[in-house]
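To keep things clear, I will list the structure first and then write my remarks on it.
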Amino acid sequence: MDTFESANILIVDDLPENLIALEALIRRDDLVVYPAASGEAALTLLLEHEFALAILDVQMPGMNGFELAELMRSTGRTRRIPIVFVSAAGRELNHAFKGYEAGAVDFLHKPLDGYAVRSKVAVFVDMYRQRSAMGRQVEALEQSRREQQALLEKLNAAQLDLERAVKMRDDFMSVVAHELRTPLNTLFLETQLRRMQIERGNLAAFTPEQLGKMVARDDRQIRNMVRLIDDMLDVSRIRSGTLSVRPAQVELAGLLRRVIDDLEQQALAVGSCITLHAPQPVEGRWDEFRIEQVVVNLLTNALRYGGGKPVEVGLSATPEGARIEVRDHGIGISEQDQQRIFQQFERGGGGKSADGLGLGLYITRQLVEAHGGKISVHSAPGEGSIFRLDLPQG
Ligand code: ADP
């Protein structure tokens with residue numbers, strides 16, 4: 001406990017000589033004594049300072065000591081200040097002080113005995129100091145409880161984040177493993193079958209036409225696996241913040257034409273075709289490889305979910321840069337799914353037949369944003385979809 005903390009004592013008496021005598025009696029280095037010549041003056045001081053003790057003369061003209069004490073007891077700020085009444089005669093002590101039960105009250109008799117006064121003051125000042133030390137301890141405890149609570153909340157949130165991250169990683173691993181198994185199984189079965197046919201000498205199964213088909217099938221499975229692995233690598237680059245774009249001069253109409261040509265067979269396979277509307281060349285600085293990846297993603301989806309209907313690609317120059325639109329006339333995407341499909345592992349309600357991890361659009365959006373661009377979708381169920389890409393000049 002800090003014993004050097006000074007404590008305030010209020011003394012109230014209408015006679016100045018009494019105030020001087022009392023002050024002289026209780027003067028101590030660690031006390032500040034405030035004299036008041038009336039109840040009113042005392043109330044003013046009570047509002048301005050915090051007191052360890054009030055010593056009130058009972059007999060005063062105007063507001064007497066008991067009335068002042070009653071007022072003090074009726075106010076929160078002064079209710080707990082211990083009061084010592086100074087009275088001239090035993091008669092006054094019978095006065096029923098209404099606020100008695102609300103706090104410490106004691107009495108001193110005139111003529112004042114120096115020793116009695118000093119020891120009473122010492123007791124009340126000690127009590128006051130203990131109380132304020134306890135208050136500080138309680139406040140410190142409360143503060144550390146609040147800090148612990150805040151820490152606990154932080155820890156809980158961190159644990160939740162961690163659990164979510166671990167679960168996401170586990171989900172990711174199991175989805176990837178599952179998705180890789182499908183093309184691997186197919187390849188494995190194909191090789192088993194071929195070995196069997198070779199062992200049986202059935203070379204008729206390896207005509208040039210059959211071989212061509214086999215190679216095409218193998219090629220498809222291998223491409224599927226390569227795509228999955230590339231997607232995984234991109235996701236881990238996105239997560240670690242190392243996905244970068246390397247802009248160089250690109251002409252988009254030519255790029256789109258190339259991508260569309262490459263996907264011609266895939267479009268034919270689902271009974272669709274892709275047309276390009278690019279009235280003029282659009283040049284700028286973008287990462288050609290990444291833009292190609294974005295367009296391939298959008299076109300593959302358009303073929304997958306396009307219901308075999310034609311797919312249209314549009315290119316136009318905008319004041320900011322370029323706009324590419326990929327439009328299909330397939331199953332469309334509900335309002336609710338439009339919010340989700342750009343997130344990791346999110347696959348829309350209509351994606352039953354699709355293979356893939358639900359990463360394509362997530363990666364697409366990250367790539368577009370890495371170019372400082374925007375991607376948006378406009379769609380309604382059954383009415384097809386338009387994916388719009390706005391790329392600012394690099
Ligand atoms: P994936 O195709 O591997 O599932 P994507 O991230 O490319 O992953 O797409 C997420 C989901 O968005 C798909 O599962 C599908 O439900 C929906 N989607 C994407 N493109 C289209 C489209 N053109 N038409 C309808 N739905 C689409």
### Summary
Looking across region 358-388 at residues that are out of contact with any strand residue (DSSP E or B) (no Cβ under 8 Å at 6 or more places or on another chain) and not in a helix (DSSP H, G or I), the single one that is nearest to the ligand (Cβ to nearest atom) is G358
### Query
Among (1) of a type outside the set (D, E); (2) away from the ligand (no atom under 16 Å from the Cβ); (3) in contact (Cβ under 8 Å) with a residue 60 or more places away in the chain, where does L268 come up short?
(3)
### Message
With at pLDDT 90 or above, out of contact with any helix residue (DSSP H, G or I) (no Cβ under 7 Å at 6 or more places or on another chain) and among the β-branched types (V, I, T) as the only criterion, which of V84, V117, V105, V123 stands out?
### Response
V123
#### Entry: Residue satisfying all of: in region 307-334; surrounded by fewer than 16 Cβ atoms within 10 Å (Cβ to Cβ) and under 24 Å from W286 (Cα atoms); farthest from the ligand (Cβ to nearest atom) among these
P319
### Task
State all residues of region 198-220 that are charged (D, E, K, R) and open to solvent by 70 Å² or more (accessible area, probe 1.4 Å); if no residue qualifies, say none.
E199, R200, E209, K213, R217, R220
### Query
Do the conditions hold for R246, that is, is it open to solvent by 80 Å² or more (accessible area, probe 1.4 Å) and in contact (Cβ under 8 Å) with a residue 12 or more places away in the chain?
yes
#### Entry: Options L25, L53: the member that is of a type in the set (A, V, I, L, M, F, W, C), in contact with a helix residue (DSSP H, G or I) (Cβ under 6 Å, 6 or more places away or on another chain), closer than 15 Å to F124 by Cβ and open to solvent by 10 Å² or more (accessible area, probe 1.4 Å)
L25
### Task
Residue by residue through region 335-357, note down the ones that are open to solvent by less than 40 Å² (accessible area, probe 1.4 Å) and either more than 7 Å from the ligand (Cβ to nearest atom) or at pLDDT 90 or above (or both).
D337, Q338, I341, F342, Q344
### Summary
Subset of region 36-53, residues closer than 18 Å to E23 by Cα and either assigned to a helix (DSSP H, G or I) or in contact with a Gly (Cβ under 7 Å, 6 or more places away or on another chain) (or both), comes to S38, G39, A41, A42, L45, L46
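The values are calculated or read from the model by the stated rules, or taken from the named source; none is laboratory data. Remember, predicted model here, so these are calculated numbers, not experimental data. Don't worry about glycine lacking a Cβ; one is built from the backbone with ideal geometry, like all the others, and counts go over all protein chains shown. Accessible surface is based on the protein model in full, side chains and every heavy atom, while ligands, DNA and RNA are left aside. Shrake-Rupley method; radii C 1.70, N 1.55, O 1.52, S 1.80 Å.
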